[in-house]
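Here's the structure, in C-alpha cells; my notes come after.
The values are calculated or read from the model by the stated rules, or taken from the named source; none is laboratory data. This structure is a prediction, so every number in the text was calculated from the model and none was measured. Don't worry about glycine lacking a Cβ; one is built from the backbone with ideal geometry, like all the others, and counts go over all protein chains shown. Keep in mind that these areas ignore ligands, DNA and RNA; they rest on the heavy atoms of the full protein, side chains included. Shrake-Rupley method; radii C 1.70, N 1.55, O 1.52, S 1.80 Å.
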Amino acid sequence: MERFTEEDVSLILEALEFSASRHRNQRRKDAGQTPYINHPISVAMVLWRTGGVRDCRTIAAALLHDVIEDTDTRPEEIEELFGAEVLSVVLELSDDKRLPREDRKRLQIERARLASGPAKLVKIADKICNVIDITHSPPRGWSIERQTDYLDWTEKVVEGLKGCNASLEARYDEVLREGRDALKNRGE
Ligand code: ZN
C-alpha cells in the first residue's frame, strides 16, 4: 500500500482549501444549484477511486483545474503555493475565456492529443463528471439536443486522450453510453 508523506497530504488539503475559497460564490448550472466546489472534488475522486491515480500533484491539479479559468486567480499564485508543476497542469486545463465558445471547444479537441500525462488524466476525469452531470442534472434551459451535442463533443476530446489510463477510459465509455440512453429515453 502506498504511503503518503506529510507534504503530500498538505498539498492536497491546501489545494482543496484554496479551491473552495476561490469558488465560494459559484454554483453549478443544475436545477439544484450545487456548490461549484463539488465539481473539482468529484474530478479528484474519480482520479483517485476509478483511475487509481496516486500522484498527489495530479490530484491537486484536479482540485484546482478551474480556478484560473473561472475565478480571478492569477497563475503566479498557483505557482507560489503549489509549485511550477501543478501550475503547468492547471494552465493546460484552462480555456482562454477571451475566445468565443466555439473556438474554445475546437481547441480542446485539437490539443487533447498534445496534453501532458497528468493533464490527460484530469481532462478525462473532468469529462466523466461532466457527462454524468449533464445527463443526470442538466443545466437549466439545456434542450435534449444541446445535451446530445455536448456528449458528442466530449467524445471527440476523449478520442485524443486515449492511452492515458484504461480504467478511466472504460468508465468514460460507460457513462457516455448511459448518458446517451438516458437522453434517448427522455427524448421519446
Ligand atoms: Zn471541470
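Summary table
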item: Set Lys123, Lys156, Lys162: member being of a type in the set (Lys, Arg) and within 14 Å of the chain's Cα centre (by Cα); result: Lys123
item: Within segment 71-83, tally of residues that are aliphatic (A, V, I, L, M) and open to solvent by 20 Å² or more (accessible area, probe 1.4 Å); result: 1
item: Boolean, Ile68 is at pLDDT 95 or above, within 16 Å of the ligand (Cβ to nearest atom) and open to solvent by 50 Å² or more (accessible area, probe 1.4 Å); result: no
item: First in segment 125-143 and touching a residue at least 60 places away in the same chain (Cβ under 8 Å), second anywhere and in a loop (DSSP other than H, G, I, E, B), Cβ under 6 Å, 6 or more apart; result: Pro139/Lys29; Arg140/Ala31
item: First in segment 45-57 and in contact (Cβ under 8 Å) with a residue 40 or more places away in the chain, second anywhere and open to solvent by 80 Å² or more (accessible area, probe 1.4 Å), Cβ under 8 Å, 6 or more apart; result: Arg54/Glu2; Arg54/Trp48; Arg57/Glu85
item: Residue list for segment 117-155, restricted to those being assigned to a helix (DSSP H, G or I) and of a type in the set (Ser, Thr, Tyr); result: Thr135, Thr148, Tyr150, Thr154
item: Within segment 149-162, tally of residues that are open to solvent by 10 Å² or more (accessible area, probe 1.4 Å) and either over 22 Å from Thr34 (Cα atoms) or in contact with a Gly (Cβ under 7 Å, 6 or more places away or on another chain) (or both); result: 7
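Quick grid of which residues meet (1) closer than 18 Å to Val157 by Cα; (2) within 16 Å of the ligand (Cβ to nearest atom); (3) charged (D, E, K, R); (4) open to solvent by less than 20 Å² (accessible area, probe 1.4 Å):
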residue	(1), (2), (3), (4)
Leu13	no, no, no, no
Ile37	no, yes, no, no
Ile41	no, yes, no, no
Cys56	no, no, no, yes
Ala62	yes, yes, no, yes
Glu85	no, no, yes, no
Val89	yes, yes, no, yes
Arg111	yes, yes, yes, no
Leu114	yes, no, no, no
